[in-house]
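This report refers to the structure that appears directly beneath it.
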């Protein structure tokens, strides 16, 4: 039955079915909160794409979601369950904030490049560690990456609460000092929060696509993702591939934190990444797109609309914002069936 | 470092046993799915639902035992959904486990407002948690009794022999007239019950309150305990005690000048460190798949 559905619908049918089922389950939860699903989804729509301002807000929110989704998705594509995108993103954001602030006296371009590079390096290092453990010691990185999220978040909270806390504005929030304006990404559409980071969100999917489909490293990555043992038997240096993939994946996740800081928060603001669950939304986008980099951007915009609309939903109805997290989890559950079918087809091909 | 001699004492050991109990209960549950050949990262989400519904049930009925029963039921339902996806729909266990965990976080955070009328966390002096027998919740004794019981079930009872046969070679087991699906579902259900108890012990005894995402990685710590113990209940108890000691240290080291964030890191760093240092003990099976 599933195979028949697959053949009839084409590649778009499955994600659309997943989204439809998830929105249906979401409607049940709206009823549970004793509100009208029609009103709730109308509020969600109006709050996310109903006006020009809300579209700009949705696009802005989508920027870090796209980037972190590409980063985590790249590792998943290679068969490495990097659940550490959140921690890698947190450390990327922290490194960018700290380095950007420390290099304030230097010319803007040097400071900017250093801030971006430091964010990517921080994310990469935090991902290479569990990658190396998996490659050398066979410690499953699905567990270590997840536990490292907590370590990274606690460390960043410490830095923003004590040594580098910004006490200038009398703010009660744990945050570092504001970056100089020379480092802040310019606003692209005036009157909206949409900043130049949107170009990163548009170009990076193409770059990841190019990496995967046009380079020899990408070929090795895809072969490893299809069948690790087969790739290794075919001469792929597995340990190096695992560590390299995690480095690239972590660097992109770190960049997501960098873009968030340079374009939106202008500082490390505690809870700005973990609170809204940006990394998990990014991973959901990647899964919805079957880890295709170009579709990931589209899926991220859709999920961003849910997030932005969810905030409006909470204001205008009695439905809590977390409705969108339930919807996202159901999307993953639906997509999980599809992902498996791809794997089995590949496994059968590998055996044959 | 001078504080350390004064830090290890009897009270710390008792505290470690208390903190170990939810880890041990979840890990004993995870043994069943692990032995059935399922890499189950959904322990975390099942515990969280057990905690949430435990406190919700206590709030609704006024009885911690009724709350525990409701929490165990909810966790078991979630475990059976996990089983349905992994066993019947043949979806990837890690992806489904991830979805279950995110679903549990979203569901409980969503329901916090309609159920308790507040957001984030719920704490009320009228909430009375599980009773204490000689300083420990009855669930601590239950967890201790379940260690030999699990051993017996796994290694002496026909169910355990079938379970291990299914986990090692499902095809051979089914040729021997064992239905692998039924065995795997039973393993998922047992796991759900035990994770529900773990969540109840966390939210109805260690503390008596609901805090969003309060399991905070404990399900993964339990998973590490299973891996280190190679799914053996007695060694799982030892690993859980070690990790319980890590959690006990976070309480003991508060207010002596160490930044609270570093104190809170101890359980995570300890778990990762033990996993990496004892990596050779892990069986050489395909790891992330």
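Summed over segment A:313-334, the residues that are in a helix (DSSP H, G or I), farther than 25 Å from residue B:86 by Cβ and within 11 Å of another protein chain (Cβ to nearest Cβ) give a count of 3. Residue A:174 meets each of the listed conditions (1) within 14 Å of chain B (Cβ to nearest Cβ); (2) within 18 Å of the chain's Cα centre (by Cα); (3) under 30 Å from residue A:54 (Cβ atoms) apart from (2). Residues that are touching a residue at least 60 places away in the same chain (Cβ under 8 Å) and over 23 Å from residue B:164 (Cα atoms) within segment B:63-77 comprise B:64, B:65, B:67, B:68, B:71, B:72, B:73, B:74, B:75, B:77, listed in sequence order. Here no helices (runs of 4 or more DSSP H) wholly within segment B:111-200 include at least 3 residues being touching a strand residue (DSSP E or B) at 6+ places or on another chain (Cβ under 6 Å) and at positive phi.
Check segment A:102-113 and report whether any residue there is part of a helix (DSSP H, G or I) and under 19 Å from the mean Cα position of the chain (by Cα).
Going residue by residue through segment A:102-113, those that are part of a helix (DSSP H, G or I) are A:102, A:108-113.
From the residues that got through so far, the ones that are under 19 Å from the mean Cα position of the chain (by Cα) too are none.
There is no residue in segment A:102-113 that is part of a helix (DSSP H, G or I) and under 19 Å from the mean Cα position of the chain (by Cα).
The condition of being in contact with a strand residue (DSSP E or B) (Cβ under 6 Å, 6 or more places away or on another chain), touching a residue at least 40 places away in the same chain (Cβ under 8 Å) and either assigned to a helix (DSSP H, G or I) or under 24 Å from residue A:224 (Cα atoms) (or both) holds for residue A:160. Of the residues that sit in segment B:106-118 and are more than 7 Å from every other protein chain (Cβ to nearest Cβ) and touching a residue at least 40 places away in the same chain (Cβ under 8 Å), which one is surrounded by the most Cβ atoms within 10 Å (Cβ to Cβ)? Per the stated criteria, the residue is B:108.
Residue check: is residue B:84 assigned to a helix (DSSP H, G or I) and without any contact (Cβ under 8 Å) to a residue 12 or more places away in the chain? In short, yes. Out of all the residues in segment A:33-40, is one or more away from chain B (no Cβ under 14 Å) and at positive phi? No: zero hits. All conditions but one from (1) over 25 Å from the mean Cα position of the chain (by Cα); (2) modelled with pLDDT under 85; (3) crowded, with 18+ Cβ neighbours inside 10 Å apply to residue A:14; the one that does not is (1).
Filtering A:59, A:102, A:114 for residues that are crowded, with 21+ Cβ neighbours inside 10 Å, farther than 23 Å from residue A:242 by Cβ and modelled with pLDDT under 95 leaves a single hit, A:59.
From B:96, B:147, which residue is buried (at least 22 other Cβ atoms within 10 Å of the Cβ) and either at pLDDT 90 or above or within 21 Å of the chain's Cα centre (by Cα) (or both)? If you could, list the steps in order and put the result at the bottom.
Details: B:147 fails: buried (at least 22 other Cβ atoms within 10 Å of the Cβ).
The conditions single out B:96.
You will find that of B:220, B:243, B:262, the residue that is within 13 Å of chain A (Cβ to nearest Cβ), at negative phi and surrounded by fewer than 18 Cβ atoms within 10 Å (Cβ to Cβ) is B:262 and no other. Condition (residue is over 26 Å from residue A:132 (Cβ atoms), touching a residue at least 12 places away in the same chain (Cβ under 8 Å) and buried (at least 24 other Cβ atoms within 10 Å of the Cβ)) applied to segment A:238-260: is it met by at least one residue? Yes: segment A:238-260 contains one or more residues that are over 26 Å from residue A:132 (Cβ atoms), touching a residue at least 12 places away in the same chain (Cβ under 8 Å) and buried (at least 24 other Cβ atoms within 10 Å of the Cβ). Counted as qualifying within segment A:193-253 are the helices (runs of 4 or more DSSP H) with 2 or more residues that are closer than 14 Å to residue A:70 by Cα, namely A:197-214. So for segment B:88-105 (the condition being within 14 Å of chain A (Cβ to nearest Cβ), free of Cβ contacts under 8 Å to residues at least 24 places away in the same chain and more than 24 Å from residue A:84 (Cα to Cα)), does at least one residue qualify? Within segment B:88-105 (the criterion being within 14 Å of chain A (Cβ to nearest Cβ), free of Cβ contacts under 8 Å to residues at least 24 places away in the same chain and more than 24 Å from residue A:84 (Cα to Cα)), the answer is yes, since at least one residue qualifies. If you check residue A:310 against the conditions, is it within 12 Å of chain B (Cβ to nearest Cβ), modelled with pLDDT under 90 and outside any loop (DSSP other than H, G, I, E, B)? In short, yes. Within segment A:163-186, the set of residues being free of Cβ contacts under 8 Å to residues at least 12 places away in the same chain and part of a loop (DSSP other than H, G, I, E, B) comprises A:163, A:165, A:167, A:168, A:169, A:170, A:171, A:172, A:186. Looking at this structure, is residue A:285 in contact with a helix residue (DSSP H, G or I) (Cβ under 9 Å, 6 or more places away or on another chain), more than 9 Å from chain B (Cβ to nearest Cβ), within 28 Å of residue A:91 (Cα to Cα) and at pLDDT 90 or above? Criteria met by residue A:285. Only a single item in (1) touching a residue at least 40 places away in the same chain (Cβ under 8 Å); (2) crowded, with 19+ Cβ neighbours inside 10 Å is not met by residue B:213, and it is number (2).
The values are calculated or read from the model by the stated rules, or taken from the named source; none is laboratory data. Computed from a predicted structure; not experimentally measured. Cβ coordinates were reconstructed from backbone atoms using ideal geometry, including for glycine residues, and neighbour counts include every protein chain displayed.
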